[in-house]
Amino acid sequence: MNAAPADQIRLLDVQALDLRLTQLAHRRETLPEHAEIRAVEAELAQQRDLLVAARTEESDTAREQTKAEQDVDQVRQRAARDRQRLDSGKITSPKDLESLQSEITSLARRQDDLETIVLDIMERHEAAQARTKELTGAVEEMEAKRVEVAARRDAALQEIDTEAEAVRAERAEVVAAVPDALLKLYDKLREQQGGVGAARLYQRRCEGCRLELNITELNEVRDAAPDAVVRCENCRRILVRTPQSGL
């Protein structure tokens, strides 16, 4: 294949722009904000799960407390009725009086036990309330952090995309002056060679594979016509000659 030396040198400009696009794409995919958001979202999900559990505990203990207080009130009402019966003087049978007094004593013990249970439930309910409040604050904090990190990520992505758009526009202008056949060869080699299809020959070294040409290869390049498209014998990339090639 033949191509004007100027067209071959333009390939180096295309290659530089393609490398810049590759770098921008890599930077876009590896922004530290991506990992930071994943970490924040994982922590947020965990805190939300804990908050759901705390709210469930708060709701459950509230129902327990209501039920226990109702039990205490029932016992208290029953004891009050028994005392009224006892104080009324209407019960004259010693056996009935003894039975009623025994029940009042039993109800008093039952009331004490239930009130102890109520206090225990109240403590658990208050602890659940405090935990809910703490976790609510933690969730709100993590949500705010996620918004902040997402804003930084979006700003960085916008900056990268703006630069990439400018590079693509510049590339379109450069490739417009490159012959189609030469550009197709370059694109094919770039796909095969890890993103580098054309490399400069600098000081007798291929800048694609970083290997120095031996004397036979150098003589072949020296003898090639100026418009001949030469290839590196080691990496098979297009080897672009410049005044700094060391020939």
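Structure notes:
- The chain: relative contact order in percent, alpha carbon pairs under 8 Å with at least 6 residues between: 33 percent
- Inter-site label distance for residue 212 and residue 28 at 7 Å from Cα along Cβ, in nm: 4.1 nm
- Using a probe of 1.4 angstrom and keeping all protein chains present, the accessible surface of region 177-225 works out to 59 square angstrom per residue.
- Cα centroids of region 148-186 and region 5-21: 13 Å apart.
- Gain upon complete extension [residue 95, residue 50; 0.36 nm per residue less C-alpha separation]: 10.4 nm
- Principal axis dimensions, the chain - Cα atoms, whole angstrom, descending: 137, 33, 25
- Estimated from helical segments only, the mean residue ellipticity of the chain at 222 nm is -27500 deg cm²/dmol, where each DSSP H run of four or more residues counts as -39500 (n - 2.57).
- Between 106, 59, 88, the residue with the greatest mean-square fluctuation in the GNM of the chain (Cα pairs under 10 Å linked by springs) is 88.
- Coordinate range of the alpha-carbon atoms in region 128-198 per principal axis, descending: 74, 24, 12 Å.
- FRET efficiency, residue 242 to residue 157 (Cβ-Cβ, R0 41 Å, nearest 0.05): 0.65
- At 0.692 mPa s and 37 °C, Stokes diffusion of region 24-167 via Kirkwood alpha-carbon radius, µm² per second: 159 µm²/s
- Over region 124-247, the alpha carbon radius of gyration divided by the compact-protein estimate 2.2 N^0.38 Å works out to 2.02.
The values are calculated or read from the model by the stated rules, or taken from the named source; none is laboratory data. A quick note: this is a predicted structure, and the numbers were derived from the prediction, not measured. So basically every Cβ, Gly included, is an ideal-geometry build from the backbone, and we count neighbours across all protein chains shown. Remember, those area values only see protein heavy atoms, side chains included, never the ligands or the DNA or RNA. Shrake-Rupley method; radii C 1.70, N 1.55, O 1.52, S 1.80 Å.
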